[in-house]
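**Q** Attaching a single structure in structure tokens format; questions to follow.
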Amino acid sequence: MHIQKAVDYINQKKCVVFPTETVYGLGADALDAESAENIFKLKNRPPSNPLIVHLPDIDGIYSVAENITELELRLLEHFSPGPLSLILPKKSIVPDIVTGGLDTVGVRIPSHPVALEFLRAVKKPICAPSANISGKPSPTTYEMAEFYMGGKDVVILDGGSLECGLESTVIKVENSDIYLLRAGSVTPEMIFDFTGIMPEQDKKQNHQSPGTRYPHYKPQGRVFLYDTGKHPPEDNQAALLCLKRPNSDYSKIYHFESVRDYAHSLYDVFFQCDKLGIKTIICELPPADGEGLALRDRLMRAAE
Ligand code: TXA
Ligand code: MG
């Protein structure tokens with residue numbers, strides 16, 4: 001593993017692609033505006049879309065955020081390391097470009113061993129969006145990371161095929177309410193079981209997560225959706241992604257054993273469909289509970 005080379009790249013204000021348990025991230029020094037700007041150029045990201053800052057431990061979080069409440073600390077301690085990002089009041093050392101000019105910063109402690117090794121070795125907070133070109137599905141395999149960022153002046157750390165396959169859950173605590181800004185594999189039910197507070201998907205809070213305004217997760221083929229339990233549209237030229245195998249013919253059928261398996265494979269399957277030149281991708285929409293919520297969200301955006 002090129003951890004030392006990755007550390008050197010960060011110290012030279014360059015970017016490093018690293019695996020997390022969710023998706024590959026495109027990281028840079030979160031306390032240096034020039035480094036963070038490189039991320040926006042490399043992935044063609046709209047400048048108003050803030051980045052999540054990655055740290056190896058809770059102490060690291062206190063270096064970029066302040067006024068952390070007891071509830072926020074309990075959430076961090078319980079779900080970290082893992083696929084939960086928390087929006088917290090930011091410290092002034094975090095440059096505006098990282099937070100899209102907001103007075104808050106998104107933080108998370110990833111659990112992938114390579115991410116933790118990299119974050120501990122570099123000894124700096126690392127801001128990182130998903131390592132795709134903006135609008136495209138996020139990379140969840142080394143092959144995808146290499147497809148998007150190979151040939152650019154970055155180091156790519158190989159973490160194989162990633163566990164979750166969808167981006168982290170993003171939440172914000174206000175007073176004693178919890179708002180879900182992006183669904184992920186830490187589900188609202190899990191947050192409720194731990195805190196007794198059911199996260200709200202308040203539409204009027206949407207402005208607080210600028211990332212949700214932009215087109216996202218789109219493969220080249222057009223994505224069509226059908227509800228679970230219904231018959232999928234018939235098209236023998238199309239790819240079908242399903243939890244229940246139908247009788248009709250498709251050019252390619254991707255059948256998943258579970259919602260988790262579907263979420264884990266979604267972006268990779270989109271990538272494989274693009275490689276095959278498939279023009280129509282028909283996807284079964286899972287029920288909107290548990291991990292199905294995040295998967296539905298990504299599928300609906302891919303189909304927009
Ligand atoms: O799983 C993940 O979170 C991955 C890996 C690399 O950690 N990262 C990721 O980053 O998905 P990105 O940039 O693709 O998505 C970050 C999301 C965006 O929707 C952004 O608007 C939101 O988090 N966000 C970041 N900082 C925020 C802030 N201060 N306030 C509100 N939303 C914020
Ligand atoms: Mg992204």
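The values are calculated or read from the model by the stated rules, or taken from the named source; none is laboratory data. Everything numeric in this text was worked out from a predicted model, so none of it was measured. Reconstructed Cβ throughout: ideal geometry from the backbone, glycine too, with neighbour counts over all protein chains shown. Quick note on the areas: whole protein, heavy atoms, side chains included, nothing else; ligands and nucleic acids left out. Shrake-Rupley method; radii C 1.70, N 1.55, O 1.52, S 1.80 Å.
**Q** Check Gly290: other-chain or 5+ apart residues with amide H under 5 Å from its amide H, H built from backbone geometry?
**A** For Gly290, whose amide H was placed from the backbone, the distant partners under 5 Å are Glu189.
**Q** About the Cα centre, and with charges only on the beta carbon of Lys, Arg (+1) and Asp, Glu (-1), how big is the dipole of the chain? Nearest 20 debye, please.
**A** 880
**Q** For labels at Lys230 and Asn11 in the simple 7 Å Cα→Cβ model, what's the distance in nm?
**A** Rounded to a tenth, the inter-label distance reads 5.7 nm.
**Q** Starting from 0.36 nm per residue, how many nanometres of slack lie between Tyr62 and Glu143 once their C-alpha separation is accounted for?
**A** 25.7 nm
**Q** Calculate the length of the line joining the C-alpha centroid of the range 42-102 to that of the range 260-304, in whole Å.
**A** Centre-to-centre (Cα) distance: 28 Å.
**Q** OK, next. Non-local amide H neighbours of Val17 (under 5 Å, H modeled in plane, Pro and chain starts lacking H): which ones?
**A** Gly27, Val155, Ile156, Leu157
**Q** Could you pull the accessible area for Glu34 with a 1.4 Å probe, rounded to 10 Å²?
**A** So the heavy atoms of Glu34 present about 110 Å² to solvent.
**Q** Which residues' amide hydrogens lie under 5 Å from the amide hydrogen of Arg222, considering only partners 5 or more residues apart or on another chain, with H built in the peptide plane?
**A** Residues meeting the criterion, in which the H sits 1.01 Å from N, are Thr280, Ile281.
**Q** Still on this structure, I have one more. Rounded, prolate or oblate: pick one for the chain, where a ≥ b ≥ c are the square roots of the eigenvalues of its C-alpha gyration tensor, a/c under 1.5 means rounded, and failing that, prolate if a/b is larger than b/c, else oblate.
**A** Cα axes put the chain in the oblate bin.
**Q** Less than 13 Å Cβ to Cβ from Gly221, Lys/Arg counted +1 and Asp/Glu -1: what total charge do the surrounding residues give?
**A** Net of charged neighbours comes to +4.
**Q** Determine ³J(HN,Hα), in whole Hz, for all residues of the range 261-275 in sequence, where each value follows from phi through the Karplus function 6.51 cos²θ - 1.76 cosθ + 1.60 and θ = phi - 60°; x replaces Gly and Pro.
**A** Here the 3J(HN,Hα) series is 4, 4, 4, 4, 9, 3, 5, 5, 5, 4, 5, 5, 4, 4, 5 Hz.
**Q** Full-extension gain between Asn49 and Thr69, please, as 0.36 nm times their residue separation minus the C-alpha to C-alpha distance.
**A** 4.7 nm
**Q** May I pose another question? Run the simple label-point estimate for Gln220 and Arg245 please: 7 Å along Cα→C-beta, distance reported in nm.
**A** In this crude spin-label approximation the distance works out to 2.9 nm.
**Q** Let me cross-check His255: its accessible surface, 1.4 Å probe, with only protein heavy atoms counted, in Å² to the nearest 10?
**A** 60
**Q** Now, a different point. What's the Kirkwood radius of the range 1-50 in Å, using all Cα pairs?
**A** Mean inverse Cα-Cα distance, inverted, gives 11.4 Å.
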